[in-house]
Amino acid sequence: MSATTETIQISSLSQRLKKETASEHERMHQLMASADVFSSREKYVQFTLLQYYFQQEIEHLFEREGIAELIPDLGIRGRSQQALLDLKDFGIHPQGKTLNTEHVPLPEALGWIYVSEGSTLGAAFLFKEAQKNLDLSAEFGARNLAAYPEGRAVVWKRFVQALDEANFDSAKQDRVVQGALDAFAYFGEALTYLNQLK
Ligand code: HEM
């Protein structure tokens, strides 16, 4: 492998994100296991509230200047409406929450969106749990965990391609990674205090 090829491979943004947030992803597994969100509908509702608030943070970022140029298919992404409909199925009306991403700029915003899009992959597993343990479906209660109509893998691959085609230099990539770490921190904190969400 030539030095140039090696440099390109090492600095791929998607590879960096996966590698540099791996321990945070692992931490999410542990927090999800502790929260035990599929053990009752009450716990699952609290998790769906988190999904709703997190997706609101993410969809707010879709409007950030420059994002639509980098990710042209934003229209199909985001799941806050699905989470809201799921909550309605349980008779829950979210009371609202202050946005954390109000002032997150472009490179960091991509990191937040990465965490949201990546979480659609793990959601395949969560969707099965919701079906099996709580008798929920893509029509009732678990829309927010269902696959995109085109399928999870296709939509994910297209997102990864968009990330890498942004051609960010390493300073900008650092900021995307930081945004992803911030998004994981948001999700982790909310999972830790899940029963406090309203
Ligand atoms: C028990 C819960 C979870 C399970 C079982 C799970 C499982 C998975 C799996 C199987 C993948 C695909 C891995 C691969 O293709 O290499 C994945 C990717 C990912 N998940 Fe999770 N996940 C969980 C929770 C979460 C949560 C709560 C978040 C974020 C809030 C998250 C964020 C991500 C991200 C960002 C990726 C993409 C990693 C990459 O860059 O390839 N996951 N997850």
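The values are calculated or read from the model by the stated rules, or taken from the named source; none is laboratory data. Predicted model, so just to flag it, every value in this text is computed and none were measured. Heads up, the Cβs are rebuilt from the backbone with ideal geometry, glycines too, and the neighbour counts pull from every protein chain shown.
Each residue in segment 49-68 was checked for being β-branched (Val, Ile, Thr) and over 13 Å from the mean Cα position of the chain (by Cα), and 1 of them qualify.
Checking each residue in segment 151-160 for being without any contact (Cβ under 8 Å) to a residue 60 or more places away in the chain and more than 13 Å from the ligand (Cβ to nearest atom) picks out Gly151, Val154.
Report yes if Glu139 is closer than 23 Å to Arg16 by Cβ, of a type in the set (Asp, Glu) and either free of Cβ contacts under 8 Å to residues at least 24 places away in the same chain or in contact with a Lys or Arg (Cβ under 8 Å, 6 or more places away or on another chain) (or both), otherwise no. Write out each step before concluding.
Values: closer than 23 Å to Arg16 by Cβ: no; of a type in the set (Asp, Glu): yes; either free of Cβ contacts under 8 Å to residues at least 24 places away in the same chain or in contact with a Lys or Arg (Cβ under 8 Å, 6 or more places away or on another chain) (or both): yes.
Spelling it out, it is not the case that Glu139 is closer than 23 Å to Arg16 by Cβ, of a type in the set (Asp, Glu) and either free of Cβ contacts under 8 Å to residues at least 24 places away in the same chain or in contact with a Lys or Arg (Cβ under 8 Å, 6 or more places away or on another chain) (or both).
Only one residue in Tyr53, Tyr148 is within 15 Å of the ligand (Cβ to nearest atom), part of a loop (DSSP other than H, G, I, E, B) and either buried (at least 18 other Cβ atoms within 10 Å of the Cβ) or not hydrophobic (A, V, I, L, M, F, W, C) (or both). Which one? Please lay out each step first, then the result.
On the way: Tyr53 fails: part of a loop (DSSP other than H, G, I, E, B).
Just one listed residue meets the conditions, Tyr148.
Looking at Gly96, Gly78, can you tell me which residue is on the phi > 0 side of the Ramachandran plot, within 15 Å of the ligand (Cβ to nearest atom) and not in a helix (DSSP H, G or I)?
Working: Gly96 fails: within 15 Å of the ligand (Cβ to nearest atom).
After ruling out the rest, the residue left standing is Gly78.
Note on segment 86-113: among residues that are crowded, with 16+ Cβ neighbours inside 10 Å and aliphatic (A, V, I, L, M), the one that is nearest to Gln56 (Cα to Cα) is Ile113.
Criterion applied to Gly122, Gly141 was being within 16 Å of the ligand (Cβ to nearest atom) and modelled with pLDDT of 95 or more, and the one residue passing it is Gly122. Condition check for His60 on (1) more than 16 Å from the ligand (Cβ to nearest atom); (2) part of a helix (DSSP H, G or I); (3) in contact (Cβ under 8 Å) with a residue 24 or more places away in the chain; (4) more than 21 Å from Ala180 (Cα to Cα): one failure, at (4). The set of residues in segment 8-50 being part of a helix (DSSP H, G or I), over 30 Å from Leu70 (Cα atoms) and among the charged types (D, E, K, R) consists of Arg41, Glu42, Lys43.
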